[in-house]
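Remarks on the structure that follows.
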Amino acid sequence: MTMNCGTTTKPNFKLAKTLAYGLLKTNQIQAFPVNPFALIKNEPNVSLISYSDFAKKSQLTLNEVIEFTQSSDGATAYLKEKERYLIFYNDGIKHAGRINYTLAHELAHIKLGHLRKGNTFSLSRNNIYLNDNPIFEAEADTLAAEVLIPSFLVRNLPDDDVTYLSTFFLVSRQCARTALNNVNYVSRRYSSSIFDVPLYLKGQMKPFVMAIEQKKFLTQSYITDQQLIMRR
């Protein structure tokens, strides 16, 4: 499909990372895993609705909701006149990490302004500007990964395995893979100092970063506790 993407020819990874760390700062994230539900709750012009609630209110079946959103995971509606966003997510998915990544990915599209390219009402999953736009998808993937698994933490972990990261940070394997790709991409092009904790995040993240560096928290009991907390 031919599409006019303006003058943008490659993903703006720097912007995605800056916006991601801005979210960590404004939401005072001090430990991980990050709760995307809380991030969305703090966005004044963003609302959240589950597939089951939307199905009940609209008198639709789950399959009809999936057909409407064109996604079995989630989507975002943009109401241009009201300057508001509505994120849909499939609460029937059993894997919490997959839901977390879906929510972070949809929020990423909003923060990056991608849905503003659409019409008066548009869904991120069937918006022509997003559906076949690898640039927008790469930016959203990067922002979501940097919020859920910041590059500056990955380098200090004892294991860079996708399974380990997805379990420890309670995200999907896709998100963990993106985080590793981000680290590998940057490692080949910049000095190791780029993985230092940003100055404006050092204070609030110091205890967690120190624990990571000292190999604390890295136990199955910690991971299990975090999973239970995220489900509350």
- Residue pairs meeting the criteria (Cβ under 7 Å; at least 6 apart or on separate chains; first surrounded by 15 or more Cβ atoms within 10 Å (Cβ to Cβ), in the range 195-221; second small (Gly, Ala, Ser) and modelled with pLDDT under 80): Phe217/Ala211
- Message: Looking only at the range 93-132, filter to residues that are at pLDDT below 95 and among the small types (Gly, Ala, Ser); which one of those is farthest from Asn42 (Cα to Cα)?
- Response: Gly118
- Message: When the residues of the range 4-57 are narrowed to those that are among the hydroxyl-bearing types (Ser, Thr, Tyr) and at pLDDT below 90, which ends up farthest from Leu148 (Cα to Cα)?
- Response: Thr7
- Note on the structure: Among helices (runs of 4 or more DSSP H) entirely inside the range 2-111, those with 1 or more residues being touching a residue at least 60 places away in the same chain (Cβ under 8 Å) are 13-26, 36-41, 96-111
- Item | Scan of the range 26-84 for residues that are surrounded by fewer than 13 Cβ atoms within 10 Å (Cβ to Cβ) and at positive phi, ordered by number | Gln28, Gln59, Glu83
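The values are calculated or read from the model by the stated rules, or taken from the named source; none is laboratory data. All values derive from a computational prediction rather than experimental measurement. Glycine also receives a Cβ, built like all others from the backbone with ideal geometry; neighbour counts cover every protein chain displayed.
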